[in-house]
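Presented below is the structure to which this report refers.
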Amino acid sequence: LPAAMAAPTPVSALVHSSTLVTAGVYLLIRFNMMLVDMIFLKFLLLLSGLTMFMAGISANYEFDLKKIIALSTLSQLGLMMSILMMGMPDLAFFHLLTHAMFKALLFMCAGVVIHMMSDIQDIRYMGGISFYIPLTSLCLNISNLALCGIPFLAGFYSKDLILEMVSMSNLNLMIFFLYYFSTGLTMFYTIRLLFYLMVNDYNLMVVYNLYEEDYVMLKSMFMLLFMSLIVGSFLSWMIFNYPYMIYLPINMKMMVIYVMLMGLFSGYLISNMKIYSINKFLM
């Protein structure tokens with residue numbers, strides 16, 4: 001999946017959000033009645049949890065912008081597959097739809113940034129993006145935060161519901177740890193991406209090819225931004241034929257928020273080690 005990033009960015013936005021990646025998940029959602037109560041499902045649950053975990057780990061050590069987003073797609077794909085293997089296909093479909101919105105927006109923003117950087121994909125060359133293309137940076141940040149599962153954005157509804165159903169299920173501690181640690185890793189590489197792109201100073205010493213916003217891209221990006229704001233609550237009202245009532249203790253309910261705050265803080269600490277910025281963002 002990260003090696004499929006040689007395509008142009010609109011192609012990879014469509015591929016990684018909706019078409020190619022999630023076709024297998026959609027096929028398994030359609031055929032889930034045939035697959036129920038197989039022993040293969042538990043093996044596949046372990047495998048997709050490990051996929052989630054390892055994609056989140058390797059996104060933290062990657063310097064290519066599109067490869068980071070591709071690895072985050074792989075992580076969300078593991079999340080969809082694992083909740084499908086636990087026998088909740090409606091939740092997997094819900095997360096597939098919400099993830100398509102903000103991941104397409106994320107790839108389009110990344111494409112604008114790469115095109116502005118005169119086709120350099122390395123995030124170590126970037127920095128201070130928000131000074132030059134503020135609206136694209138707004139779309140990038142909001143879609144990144146929806147990917148993390150910040151409350152009341154699109155990704156929060158599906159991801160929080162999935163994690164609370166995992167907390168209610170009688171699986172072992174390893175699956176539980178894989179889920180929550182992968183959620184924390186999502187926050188981790190998102191904060192790392194934000195530091196490298198927005199907070200850092202402008203690092204491209206030689207090639208200085210900045211221009212203002214691409215207003216042709218911004219029309220579709222604002223449509224996707226609006227969708228990735230509202231589609232979570234809208235779909236959770238519309239597509240569930242019965243409401244999920246989840247009774248948990250207060251610490252278990254807040255566990256997603258705790259993990260996100262831990263990921264945010266650790267991503268801040270790790271990314272702050274290399275940044276000596278005269279950019280006034282952190283001040």
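The values are calculated or read from the model by the stated rules, or taken from the named source; none is laboratory data. Model, not experiment: these values are computed from the prediction. Reconstructed Cβ throughout: ideal geometry from the backbone, glycine too, with neighbour counts over all protein chains shown. Just the protein is used for accessible areas: all its heavy atoms, side chains included, with ligands, DNA and RNA removed. Shrake-Rupley method; radii C 1.70, N 1.55, O 1.52, S 1.80 Å.
Each other residue within a Cβ distance under 10 Å of Met116 adds +1 if Lys or Arg and -1 if Asp or Glu, for a net charge of -4. Just the protein heavy atoms count here, and of the accessible area of the chain at 1.4 Å, carbon and sulfur take up 74 percent.
A prolate overall shape is assigned to region 1-116, the ratio a/c of its alpha-carbon gyration tensor axes (a ≥ b ≥ c) being 1.5 or greater and a/b exceeding b/c.
Relative to the longest principal axis of the Cα atoms of the chain, the long axis of helix 89-116 makes an angle of roughly 10 degrees. In a GNM of the chain with a 10 Å cut-off on Cα contacts, which of Leu138, Leu84, Leu71 has the highest mean-square fluctuation? Looking only at Leu138, Leu84, Leu71, the largest GNM fluctuation is found for Leu138. Near Met86: Cβ cut-off under 13 Å, other residues only, Lys/Arg at +1 and Asp/Glu at -1. The net charge is -2. Mind pulling the angle between the C-alpha long axis of helix 40-59 and the longest principal axis of the chain? Nearest 10 degrees, somewhere in 0 to 90. So the inclination is approximately 20 degrees. GNM on the chain, alpha-carbon springs under 10 angstrom: the most fluctuating residue among Ile69, Ile230, Ile39 is Ile39.
Please find the FRET efficiency linking Leu138 to Val36, where r is the Cβ-Cβ separation and R0 is fixed at 35 Å, and quote it to the nearest 0.05. Rounded to the nearest 0.05, the efficiency is 0.20. With axes computed from alpha carbons, what is the tilt in degrees of helix 65-85 against the longest principal axis of the chain, rounded to the nearest 10 within 0 to 90? With both axes taken from Cα atoms, the answer is about 10 degrees. Where (i) 16.4; (ii) 20.5; (iii) 14.9 are the candidate values, the label of the one calculated here for mean projected area of the Cα convex hull in nm² is (iii).
Among the chymotrypsin sites (Phe, Trp or Tyr not before Pro) in region 112-200, those placed in a DSSP loop whose Cβ has at most 15 other Cβ atoms within 10 Å are Phe152. Dipole orientation for the chain: of the candidates Phe93, Ile162, Met252, Met252 has the Cα lying most toward the positive pole (charges on Cβ; Lys, Arg +1; Asp, Glu -1). Among the chymotrypsin sites (Phe, Trp or Tyr not before Pro) in region 62-105, those placed in a DSSP loop whose Cβ has at most 16 other Cβ atoms within 10 Å are Phe63.
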